[in-house]
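Bear in mind these aren't lab numbers, they're just calculated from the coordinates by the rules spelled out. Treat the numbers as computed from the prediction; the structure is a model and nothing was measured. Cβ placement follows ideal geometry from the backbone for every residue including glycine, while neighbour counts extend to all protein chains displayed.
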Ligand code: ATP
Ligand code: MG
């Protein structure tokens, strides 16, 4: 291969070893766990599985008939039993599971005993409505306590939940209800978002009218908004649960029984119905929760500020933390409501020790300015996490400095809805982290960066990220479409090689850097350049908060790079700054990567999970008619961008 699959342009010299005091108390601080896991991956995972409560012990750890894996065969357990009853039985019923914070400022604290009772009552109510093992239940709720309650109630009786992000339209709900053939939907009278009430029940009614599958809807009263309740079909949640018994035996589930279906966030096309099962999934999320987030059940206040509608919320707001008996913060609303310091006020009030969020949020905080976190004492924070997109080194530095007080380790965690749990990440008590790198595989995981021929690339080169050994939290199939499962993930490099769809590189030390989606890689004069590296070079400039780049057709070079740039604070974009940024990229990572055009914009088009939609930017850059923008969180910015780019820079 003459040309590398993806060029390696960015180099980073800074490293951040774990502070000594952190390493001394860390759940993982002995590097020999990597060798231990590598010597016997199945034994390593089995050891984590055995920390759960099994109703029947498993006989075999793994059966691998590519591309299908079965973990902990013969074992029986229940996820709700492990997340709730196990801790109550051990005497921790009084411990707070969730400090919930509503957007309007109302609060609720739920202990493990209260959560268990609430889950049991609702599980009994579901059974009373005829919901049983294997039935699919759609959950379309905002970030209120009833959302984890509903998920755990399903898990308790063996029903399969399919959570649909409450910010999605009724059409998205219809698509997911139809695909999973759900007969029950759980929703609310409304949801709060930036001070407004979103009419969730109305969307649900529209969805129910558009599909003939839903027989029952359950409505949580949240906002008190007037809603239509159809007799016989619609039930108030509070009426259903009142009078129910708090005794509800947990259904013994086979380790391979389905726990949930979750559709991917849809950045690259039609969402896929990812299927996760019981024993392997819970083992994976509990092990990573304990080791990556260094969770101390007795002292930490943990906050994963994602939405439960995404996999991050499933694994690291609900199942991982509860399996590890965490005390968590659960926040309903937007980060800038009523003020741009809402998160920091919450973090301070609850004494948050561990915070997990996404680069898109961090870059928004950079744009707003450091004065907002500075207004609050955040000294309780001891560990920070990032997930969802590559984190640009400068965003990592800002997070480390302004939120972590310069000494909290940052773990950049790479994983996907498909992987179920974290796969590539530093361990905060061991790894000497580099800003912008996800660093190393979690113990027992085997990522390999390969070239076009599927051969491992040498250090210093970029290529395609693959996973070459099964892991317990891996998806088992796509709901109702095993053929698409095989084709999408297991056909690019061989039948036992999982292709993640992302580009990655190995640096000279063998550390892994994610380079964005391979579909977004640009080809400039025959060099394949990743969007991530050019964007990181732009964010490296002190005036830039966020950047997205894409290639547009160019007669001379094949493709030319167009950069869309959002500036920090009160900075103003002009031709001079555009020229300065083009030079900055050329100096930082090479002339080859110098953007042909720089466009300034107050915002970038993002999916509802906060990921930049580069496909759309390409359409704008090439002056194409724009397709459907209804999946965007901020569709209005697209129109503005199309207008400004028509004039060039
Ligand atoms: P779809 O698969 O439908 O296009 P999606 O890939 O956006 O949607 P998710 O499963 O939520 O849905 O996102 C996983 C993707 O997010 C990864 O494949 C990767 O591109 C990106 N990602 C997640 N964490 C990181 C990280 N730490 N560094 C770099 N990229 C990350
Ligand atoms: Mg994906």
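For the reader, a short list of remarks on this structure follows.
- Taking 0.36 nm per residue of separation and subtracting the Cα-Cα distance, full extension of the segment from residue 337 to residue 94 would add 84.3 nm.
- Crossing angle, helix 170-180 versus the chain [Cα axis fit, 0-90 degrees, rounded to tens]: 70
- Dividing the summed -39500 (n - 2.57) terms of all DSSP H runs of n ≥ 4 by the residue count of the chain sets its mean residue ellipticity at 222 nm at -8000 deg cm²/dmol.
- Backbone N under 12 Å from the residue 169 label point (7 Å along Cα→Cβ), restricted to segment 181-222: none
- Zone residues, segment 126-170, relative to residue 239, backbone N less than 15 Å from point 7 Å out along Cα-to-Cβ: 129
- Residue 229 versus residue 194: modelled label distance in nm, points set 7 Å from Cα along the beta carbon direction: 3.2
- Highest to lowest packing among 507-515, 482-490, 419-427, scored as the average C-beta count within 10 Å: 419-427, 507-515, 482-490
- Contour minus Cα-Cα distance for residue 508 and residue 486 (0.36 nm per residue): 4.6 nm
- Degrees between helix 279-292 axis and first principal axis of the chain (Cα, 0 to 90, nearest 10): 60
- Rounded to 10°, Cα long-axis angle of helix 359-368 versus longest principal axis of the chain: 70
- Ranking of 365, 564, 499 by count of other Cβ atoms within 10 Å, fewest first: 499, 365, 564
- Residue 370 versus residue 622: modelled label distance in nm, points set 7 Å from Cα along the beta carbon direction: 4.1
- Here the extension length gained between residue 349 and residue 129 equals 75.2 nm, from 0.36 nm per residue of separation less the Cα-Cα distance.
- Separation of the residue 40 and residue 212 label points, Cα + 7 Å toward Cβ, nm: 5.7
- Solvent-free Debye calculation, one equal scatterer per alpha-carbon of segment 478-581: log10 I(q)/I(0) at 0.10, 0.14, 0.17, 0.23 Å⁻¹ equals -0.43, -0.74, -0.93, -1.20.
- The Kirkwood hydrodynamic radius of segment 525-646, based on inverse pair distances between different Cα atoms, is 14.6 Å.
- Calculated on C-alpha atoms, the gyration radius of the chain divided by its Kirkwood radius gives an Rg/Rh of 0.95.
- Rounded to 5, percent antiparallel among DSSP beta bridges of the chain: 60
- Hydrodynamic analysis of segment 410-548 uses the Kirkwood radius over alpha carbon pairs. Inserted into Stokes-Einstein at 25 °C and 0.890 mPa s, it gives a translational diffusion coefficient of 153 µm²/s.
- For segment 229-380, the share of DSSP beta bridges that are antiparallel, to the nearest 5, is 50%.
- Packing order of peptides 548-558, 76-86, 289-299, 148-158, highest average first: 148-158, 76-86, 289-299, 548-558 (average count of other Cβ atoms within 10 Å over each peptide's residues).
- Using a Förster distance of 60 Å, the FRET efficiency for residue 636-residue 55 (Cβ separation, nearest 0.05): 0.70
- Neighbour-count ranking [beta-carbon atoms within 10 angstrom, fewest first] of 176, 382, 588: 588, 382, 176
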